[in-house]
Amino acid sequence: MKAKEGVVDFLNKVVTMELTAVHQYLLHASLCANWGYERLQHEFHELAKEELAHASKVIGHILYLEGAPDVQKLGTVSSGRSVPDLFQADLRFEQDDVTLLRDAIAHCAKVGDFTTRHQLEDMVVETEKHVDWFETQLRAIKQVGLENYLSEQIKK
């Protein structure tokens, strides 16, 4: 099936975003493991797996649309020196991802590609859940204090 105008371009931007997320979450998982926060290491590892699944699905869809997946690009991987720094960077990243997905959804609706639009709508729901998770973690840190929060992250 041939892609409608601009759809593959948007999908390749989504692939770049998802692959960047995989790298960022793997880095954050490693940092948390190094700092001794097993629970957070596990959470970041799970997030990386979800993002990899998103990237794989989008790449497959690009191929279905007879496009060329661009897996050569990677965005900036953000890091930090503390758990709150990681959460802030990841929250911003996921918010940017939501914006991109919404723009892609709007474009797909405009050009009449409802199959791609539906797949992107599923992804934006999952991405909004990630936004909520990071907001919840940052709120918990404010409410119970960083030391109390981190003490709960030591063991799975």
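Some observations on this one:
- Residue ID - surrounded by the most Cβ atoms within 10 Å (Cβ to Cβ), chosen from residues in the stretch 3-24 that are more than 18 Å from residue 73 (Cβ to Cβ) and charged (D, E, K, R): 4
- Residue within the stretch 25-42 that is buried (at least 21 other Cβ atoms within 10 Å of the Cβ), touching a Cys at 6+ places or on another chain (Cβ under 8 Å) and among the aliphatic types (A, V, I, L, M) present: yes
- Matching residues in the stretch 82-107 - criterion: being more than 20 Å from residue 121 (Cα to Cα) and either among the hydrophobic types (A, V, I, L, M, F, W, C) or at pLDDT below 95 (or both): 83, 86, 87, 89
- Qualifying residues in the stretch 51-68 (those that are surrounded by fewer than 19 Cβ atoms within 10 Å (Cβ to Cβ) and assigned to a helix (DSSP H, G or I)) - the one nearest to the chain's Cα centre (by Cα): 52
- Taken together, the criteria place residue 111 among residues that are among the β-branched types (Val, Ile, Thr), in contact (Cβ under 8 Å) with a residue 40 or more places away in the chain and in contact with a helix residue (DSSP H, G or I) (Cβ under 9 Å, 6 or more places away or on another chain).
- Taking the criterion of being surrounded by fewer than 16 Cβ atoms within 10 Å (Cβ to Cβ) and closer than 30 Å to residue 10 by Cα, the residues of the stretch 134-156 that qualify are 135, 136.
- For the stretch 95-106, the criterion of being within 11 Å of the chain's Cα centre (by Cα), assigned to a helix (DSSP H, G or I) and either of a type in the set (Gly, Ala, Ser) or within 21 Å of residue 40 (Cα to Cα) (or both) is met by at least one residue.
- Within the span defined as the stretch 117-126, one or more residues are among the polar types (S, T, N, Q) and surrounded by 15 or more Cβ atoms within 10 Å (Cβ to Cβ).
The values are calculated or read from the model by the stated rules, or taken from the named source; none is laboratory data. Given the structure is predicted, the values throughout are model-derived calculations rather than measurements. In this analysis, Cβ positions are derived from the backbone assuming ideal geometry, glycine residues included, and neighbour counts consider all displayed protein chains.
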